[in-house]
1. Restricting to DSSP loop positions (anything but H, G, I, E, B) with no more than 15 other Cβ atoms inside 10 Å of their own Cβ, which GluC sites (Glu not before Pro) remain in segment 28-122?
2. Output the relative contact order of segment 60-143, whole-number percent, from Cα pairs under 8 angstrom with separation of 6+ residues.
3. Angle between the Cα long axis of helix 262-279 and the longest principal axis of the chain, 0 to 90 degrees, nearest 10?
4. With labels modelled as points extended 7 Å from the Cα through the Cβ direction, what inter-label distance (nm, one decimal) is found for residue 231 paired with residue 280?
5. Which net charge results when you count Lys and Arg as +1 and Asp and Glu as -1 among the other residues whose beta-carbon is under 9 Å from that of residue 85?
6. Can you work out ³J(HN,Hα) from phi for every residue in segment 160-169, in order, using Karplus 6.51 cos²θ - 1.76 cosθ + 1.60 and θ = phi - 60°, giving whole Hz and x for Gly and Pro?
7. Hand me the trypsin sites (Lys or Arg not before Pro) from segment 170-200 located in a DSSP loop with no more than 10 other Cβ atoms within 10 Å, in residue order please.
8. Antiparallel versus total DSSP beta bridges in segment 21-101: what percent is that, nearest 5?
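None of the figures in this text is laboratory data; all of them are computed from the coordinates on show. Since the structure is predicted, the reported quantities are computational estimates derived from the model, not experimental observations. For neighbour counting, all protein chains shown are included, and Cβ atoms are generated from backbone atoms with ideal geometry for every residue, glycine included.
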Amino acid sequence: MYQIIDGKAISTALKEELKVKVDEMKSHGTVPCLAVILVGEDPASTVYVGNKKKACEFIGIKSLSYELPESTSREELLELIEKLNADDSVNGILVQLPLPKHIDEDAVIKAISPKKDVDGFHPQSVGALCIGQPGFVSCTPAGIIELLKRSNVEIEGKECVIIGRSNIVGKPMSLLMLRENATVTVCHSRTKNLAEVTKRADILIVAIGKPKMITAEYVKEGAVVIDVGIHRLEGKKLCGDVDFDDVAPHTSAITPVPGGVGPMTIAMLMKNCVESVSLNS
Ligand code: GUN
């Protein structure tokens, strides 16, 4: 029988722990504060930003909300970031991605002070992760490590295969698994004989962005499978990159969609916000 890794329960436990920490901070007069910037009205981004603000409220983090029109210029956005960088009462800055096409995302990410980069997207944060120095780590991969550890999945010495090489998930995930002493392989769209490679995995992390692409033939018997994908099928049901019903019986543990990796991303953002207080005081 396989274990279902319950991301909802684990993220709730983490948020409860953070709430206790924030209460303690508040009793000493410190209130963590996250500035959230949304440019335009992308429906998915609007939902994500709303969920981030709700999580802040639950934990007791102050959230400042900047909802800017689609027509905002790159200069206006950079000016706001500069103002928030200089504001000592703001610990974390989050610019929701994607940005409208006329704004260069790389320039915006680079403008955020690495001390307030709670998304972990700044080149300095990524570089620090790469050479094992302290810094913020991208929330989804950091959340996956937390899921594995809190589910008692041993990582050290294990064969880990990651499908996907994005800057937000695949690349930082590979660095984090290396840091945990796994043997890491990263696969992508040009990988030959994908199933042959993924069948080697003790831990298979899937972030390809294709609904239900990973079926049982890609998975070694008894592997742990982590599904980063989230898609809405016709009829509104959600599914991941993994065909759960086909794959689950062959695993020792697997994350569901919804209720697996998703809730951990916001919980880790909150963790980064709480940790950012000590960097900015
Ligand atoms: N858009 C999709 N995921 C994310 C995320 O984790 N952070 C930000 N800033 N934007 C996103």
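1. Here the GluC sites (Glu not before Pro) that fit, given the DSSP loop and packing criteria, are 41, 70.
2. Value for segment 60-143: 22 percent.
3. That helix lies at roughly 40 degrees to the long axis.
4. If labels sit at residue 231 and residue 280, their model points lie 3.8 nm apart.
5. +1
6. Taking θ as phi minus 60°, the curve returns 10, 10, 10, 9, x, 10, 5, 5, 8, 10 Hz for segment 160-169.
7. Counting only loop positions with at most 10 other Cβ atoms within 10 Å, the trypsin sites (Lys or Arg not before Pro) in segment 170-200 are 190, 192.
8. 0
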